[in-house]
Amino acid sequence: SLRTNLQFVDATKHPRVITVTSSLPGEGKTTTTANLALALAESGASVCLIEGDLRRPRLLSYMGLEGGVGLTDVLIGRVAVRDVVQRFGERRLMVLGSGATPPNPSELLGSESMRAMLEDLRGRFDYVIIDAPPLLPVTDAAILAAKYDGCVLVVTAGQTTRDELAKALGNLAKVNGTVLGAVLNRVPTTGPEAS
């Protein structure tokens with residue numbers, strides 16, 4: 001459903017470099033990001049999935065892939081992207097891990113090296129999906145959302161407060177970030193709170 005909705009969000013400016021974020025940690029952002037990338041790849045699209053949370057990376061371990069060298073090494077010019085991306089299964093899905101934790105994550109994500117790398121990947125893949133850090137603790141996700149095609153905000157039913165959501169949306173508005181939509185995660189399917 002999310003894959004299909006993203007394909008029809010803006011038919012004139014089809015979003016291809018998409019940041020996925022949340023208000024706070026623990027809202028299911030990384031799981032949602034990985035599943036979105038898998039769904040896009042299973043539909044036949046070529047996808048590059050980037051572990052853009054340089055502070056608390058979880059994507060590679062979630063997917064059972066090797067860490068070590070990755071995005072930070074690419075951004076400082078130590079390695080080329082093609083040397084560190086990993087294929088996931090038999091699908092058209094390539095994954096770029098975060099690499100070593102840098103002292104300056106926001107600066108690296110907002111750098112000219114990051115812009116150039118993402119523009120190169122945009123030319124080689126149908127979609128570039130970035131698993132970004134949550135919006136409220138740090139500015140990293142807002143930096144990414146402002147510079148690229150937009151973001152998807154993961155919101156947890158019964159956990160994310162209206163105030164947290166309003167602040168997260170406010171952080172995106174301050175940088176003119178485009179919100180492509182929201183994913184309501186962990187909605188009860190049975191019981192009195194089921195929808």
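Computing FRET efficiency as 1/(1 + (r/R0)^6) for LYS167 and SER113, where r is the C-beta to C-beta distance and R0 is 35 Å, gives about 0.75. Applying 0.36 nm per residue to the separation of VAL187 and GLU42 and subtracting their alpha-carbon distance, the gain on full extension is 49.7 nm.
Convex hull volume of the Cα atoms of the chain, normalised per residue: 122 Å³.
Counting only protein heavy atoms and a probe of 1.4 Å, the accessible surface of the chain is 51% carbon and sulfur.
Counting DSSP beta bridges with both partners in the stretch 28-138, what percentage is antiparallel, nearest 5? Expressed as a percentage, antiparallel bridges in the stretch 28-138 total about 20. One decimal place: the segment TYR62-ARG87 gains 7.5 nm when fully extended, by the rule 0.36 nm per residue minus the C-alpha distance. Note on the stretch 63-195: antiparallel DSSP beta bridges, both residues inside, total approximately 25 percent of the bridges counted.
Computed over the chain with a Gaussian network model linking Cα atoms closer than 10 Å, the most mobile of THR156, THR33, THR21 is THR156.
Under 5 Å from the amide H of SER22 lie the amide H atoms of LEU135, VAL154, each residue being 5 or more positions distant or on a separate chain, with H modelled from the backbone and absent for Pro and chain starts. The spacing between the stretch 121-136 and the stretch 60-117, judged by their C-alpha centroids, is 11 Å. For the chain, the solvent-accessible area of protein heavy atoms averages 48 Å² per residue (probe radius 1.4 Å; ligands and nucleic acids excluded).
The values are calculated or read from the model by the stated rules, or taken from the named source; none is laboratory data. Note that the structure is predicted; figures quoted are calculated from it, not measured. With ideal geometry, Cβ positions are generated from the backbone for all residues, glycine too; neighbour counts draw on all protein chains shown. Note: areas computed on protein heavy atoms with side chains; ligands, DNA, RNA excluded. Shrake-Rupley method; radii C 1.70, N 1.55, O 1.52, S 1.80 Å.
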